[in-house]
């Protein structure tokens with residue numbers, strides 16, 4: 001029985017190897033699909049639709065790479081948000097202790113955080 005490799009429908013999927021015995025009217029060099037375990041050639045409309053889907057997916061990938069990937073790269077490279085806030089908090093406390101004026105919103109936040117720390121002290 002001859003074996004044929006069918007290209008994957010999408011770039012990120014593996015090719016498939018099938019064994020074909022006595023299949024008449026099947027063009028193994030053309031795109032195929034499996035319907036209930038029977039391989040059939042795609043119709044012209046199915047080929048057009050698949051090409052349009054692949055083009056749309058490629059455009060989405062390109063748009064992500066060009067316009068959005070940097071956001072994920074930055075997010076993954078930044079320090080933990082808790083560490084960032086802790087550093088900012090420590091700087092604000094240091095500035096306050098050195099007599100620097102704080103805007104009211106920051107001063108209120110420092111008071112709220114100090115109240116929480118007083119209500120839930122760190123174990124010694």
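A short reminder: the numbers here are calculations on the coordinates, not readings from a lab. Source: prediction; values computed, not measured.
Taking 0.36 nm per residue of sequence separation and subtracting the Cα-Cα distance, how much length would be gained by fully extending the chain between residue 42 and residue 60, in nm to one decimal?
4.0 nm
If one computes P(r) from the Cα atoms of region 40-90, what percent of pairs lie at distances over 15 Å?
Numbers: 857 of 1275 pairs.
Everything past 15 Å amounts to 67 percent.
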Percent breakdown of C-alpha pair distances by 5 Å bin, ordered from the shortest bin, for region 60-123: 3, 14, 15, 17, 12, 9, 10, 7, 6, 5, 1
Cα centroid of region 76-106 to Cα centroid of region 22-65, whole Å: 56
